[in-house]
1. Select the strands (runs of 3 or more DSSP E) contained entirely in the stretch 3-116, then report the ones holding at least 1 residues which are open to solvent by less than 30 Å² (accessible area, probe 1.4 Å) and closer than 20 Å to Glu166 by Cβ.
2. Is there any pair linking a residue in the stretch 236-260 that is farther than 30 Å from Ser200 by Cβ and aliphatic (A, V, I, L, M) to one that is in a loop (DSSP other than H, G, I, E, B) and open to solvent by less than 90 Å² (accessible area, probe 1.4 Å), with Cβ under 9 Å and at least six apart or on different chains, and which?
3. Which residue pairs have Cβ atoms closer than 8 Å, lie 6 or more positions apart in sequence or on different chains, and pair a first residue in the stretch 207-227 that is farther than 19 Å from Glu118 by Cα with a second residue that is polar (S, T, N, Q)?
4. Which residue pairs have Cβ atoms closer than 8 Å, lie 6 or more positions apart in sequence or on different chains, and pair a first residue in the stretch 155-173 that is within 18 Å of Glu100 (Cβ to Cβ) with a second residue that is open to solvent by less than 50 Å² (accessible area, probe 1.4 Å) and among the acidic types (Asp, Glu)?
5. Output the qualifying pairs, or none if there are none: Cβ atoms under 7 angstrom, residues six or more apart or on different chains, first residue in the stretch 175-197 and without any contact (Cβ under 8 Å) to a residue 24 or more places away in the chain, second residue of a type in the set (Ser, Thr, Tyr) and buried (at least 16 other Cβ atoms within 10 Å of the Cβ).
6. Which of the residues that make up the stretch 117-139 are open to solvent by 50 Å² or more (accessible area, probe 1.4 Å) and among the hydroxyl-bearing types (Ser, Thr, Tyr)?
7. Suppose the filter is under 15 Å from Ala159 (Cβ atoms) and without any contact (Cβ under 8 Å) to a residue 12 or more places away in the chain; does Asp104 pass it?
8. How about the stretch 145-201: which of its residues are open to solvent by 40 Å² or more (accessible area, probe 1.4 Å), under 19 Å from the mean Cα position of the chain (by Cα) and closer than 14 Å to Ser126 by Cβ?
Amino acid sequence: MLGFAPAPGRPLFVLFGSSIVQFSFSNGGWGAALADIYARKADILLRGYIGWNSRRALQVIDKIFPKDSPVQPSLVIVYFGGNDSVAAHSSGLGPHVPLEEYIDNMRKIADHLKSLSEKTRVIFLSCPPLNEETLRKSTSTVLSEIVRTNETCRLYSEACVSLCKEMDLKVVDLWNAMQKRDDWAMACFTDGLHLSEEGSKIVVEEILRILKEAEWDPCLHWKAMPTEFGEDSPYDLVSSSGQSTVNPSDWTFHRTIQWD
């Protein structure tokens, strides 16, 4: 049983998924961006597992998100689907999960997360597109042939989006969001599959849009959340007048992107 132990009173956001989640703190990733945006507002906890599919996630979801944990997350962002969509291997081994089973697994994951508490909110990320040519060149020779196609990514993405509409869940449609950029195939990936900094920017923008528009109580958009220990202090930086201090708690000048 893992459970969670965030700072007292600080909301907990958990990122749960496969390599797109595990790598989200690397190379300007979307998880790192969220951790910066929510500094002093929420704890961002990474639960990413490279190579995993929805079947494996379902096997351990009770351990990762125990229902009897004294602290439950305020938000869980979930991504599975890319590995599920890999073509079946002749040996029966590998990450492939048939589409109907994938849908059922994701429904069970959603049901479990929604049952954690009345205030636990869930966002699913759907399967993004991929650059098939770049991916073929970057795949390691230690692996058996891995067949990934944009067509199967589309099918699994659409299935995820449809499930979320059925269950009244928030979803980021990465398949379509990525392709709004004309240069998405070259700009959004490091290896044709995993997200570059540019690809991660799209993920962050879409997540923040959902958090801003969602009619949740409490609101989980960063601008609506209190800053921990954000009160004025005589120990803050002294103002130019020399008669008072300037509270820097909510300064964002360090960010190259001023997120909305």
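The values are calculated or read from the model by the stated rules, or taken from the named source; none is laboratory data. Since the structure is predicted, the reported quantities are computational estimates derived from the model, not experimental observations. Cβ coordinates were reconstructed from backbone atoms using ideal geometry, including for glycine residues, and neighbour counts include every protein chain displayed. With ligands, DNA and RNA removed, areas are computed over all heavy atoms of the protein, side chains included. Shrake-Rupley method; radii C 1.70, N 1.55, O 1.52, S 1.80 Å.
1. Values: elements: 12-17, 43-48, 75-79.
Hits in the stretch 3-116: 75-79.
2. Partner pairs satisfying both residue conditions: Leu237/Asn247; Leu237/Pro248; Val238/Ser244; Val246/Asp236; Val246/Ser239.
3. Final answer for the pair search is Thr227/Ser249.
4. As it stands, the answer is Tyr156/Asp84; Ser157/Asp173; Val161/Asp173, since those pairs meet every condition given.
5. Pairs that qualify, where the first residue is without any contact (Cβ under 8 Å) to a residue 24 or more places away in the chain and the partner is of a type in the set (Ser, Thr, Tyr) and buried (at least 16 other Cβ atoms within 10 Å of the Cβ), are Ala187/Ser196.
6. Hits for the stretch 117-139 are Ser138, Thr139.
7. So Asp104 fits the description; yes.
8. Within the stretch 145-201, Arg154, Glu158, Ser162, Lys165, Lys170, Asp173, Asn176, Gln179 meet the criteria.
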